[in-house]
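Notes follow the structure.
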Amino acid sequence: MSAEAHTSTEYIKHHLQNLTYGQHADGSWGIAQTAQEAKDMGFMAINLDTMGFSILLGAFFLFFFHKVAKSAATGVPGGLQNFVEWIVEFVDSSVKGSFTARNPMVAPLALTIFIWIFLMNLMDLVPIDWIPGLASAMGLPFMKIVASTDPNATFGMSLTVFALVIYYSIKMKGLGGFVGELTLQPFGKWGMPANLLLEGVNLIAKPVSLALRLFGNMYAGEMIFILIAIMFSGGAVLALTGGVLQWAWAVFHILIITLQAFIFMTLTIVYLDMAHQEHH
């Protein structure tokens, strides 16, 4: 039982470890062969699988939408054109419902965020051992294919949104107006320290909540798939149960991956709308 538990633990750790490139303790650069090596590489290390799959899926999104746009017909649209138009209309209606100012950048940004995060989340439905097994056959020690289960990716996106929020807050209100909102509300000039504390926490909470919400939900979903996969090594009854559970969780997970992409997009629109308004 202890050996089985050890095997299960190693299996879980292996599937949750990124393919990391960085500087080894001896000064050489290369791919970490163990989780401890990846940890020792520090902040400047790069998770190659997160970067690779996120860039690949982003390129696929651009290629697919560009191809449909170039072949768009004014008459009866085809199936792909109908599908893309439905997504664009859905995002456009979300922007119109949540964004009250005028900014032509918001709708394309919202579309990019929604589709890109959805595609990254969708990779969670690929059978858990397929791509890591292929990577192992190619001599790669790890391969984590769901970029949104890496906090580096989710914080990267949320900090980009945060930078846009700061930029438009200053652009629309001026530096004095932005600082005034942080220091003069809600208690006026006499409550400046409390105002700065409350508004500062509220401001910093935006990117943190965006990143952790997406990461936490997708990480939990990935963990459940891994735990179900372990059941296939426990005999016929457990394997059959695992197969049923895996199918049921995959169906339910379709809702989660879509909902998480929608929430990230909607909160981005709302935060940018707040940045365009005179008062929070």
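List of remarks:
- Highest to lowest packing among 162-172, 192-202, 268-278, 91-101, scored as the average C-beta count within 10 Å: 268-278, 162-172, 91-101, 192-202
- When each of the peptides 69-80, 51-62 is scored by the mean number of other C-beta atoms lying within 10 Å of its residues, the order from highest to lowest reads 51-62, 69-80.
- For the options F232, F114, F264, a Gaussian network treatment of the chain with springs between C-alpha atoms closer than 10 Å singles out F232 as fluctuating the most.
- For the chain, with +1 on Lys and Arg beta carbons and -1 on Asp and Glu, the positive-most of M157, L203, T258 along the dipole: L203
- The lysines within cross-link reach of K173, meaning a Cα-to-Cα straight distance under 29 Å and a gap of 8 or more places when in the same chain, are K96, K189, K206.
- Cα-centre dipole for the chain with unit charges at Cβ (Lys and Arg positive, Asp and Glu negative), debye to 20: 700
- Positive-end extreme of charge dipole, region 50-276 - chosen from G133, F64, N121 (charges on Cβ): F64
- Helix content alone sets the calculated 222 nm mean residue ellipticity of the chain: runs of n ≥ 4 DSSP H residues at -39500 (n - 2.57) each, divided across all residues, give -25000 deg cm²/dmol.
- Within the listed set W247, W190, W86, the residue fluctuating most in the Gaussian network model of the chain (springs between alpha-carbon atoms under 10 angstrom) is W190.
- Sequence-distant lysines (8 or more away, or on other chains) whose Cα lies within less than 22 Å of K144: K13, K39
Computed from the coordinates by the stated procedures, all read-outs in this text should not be read as laboratory data. What you see is a predicted model; the values in this text were computed from it and never measured. Backbone-built Cβ (ideal geometry, glycine too); neighbour counts: all protein chains shown.
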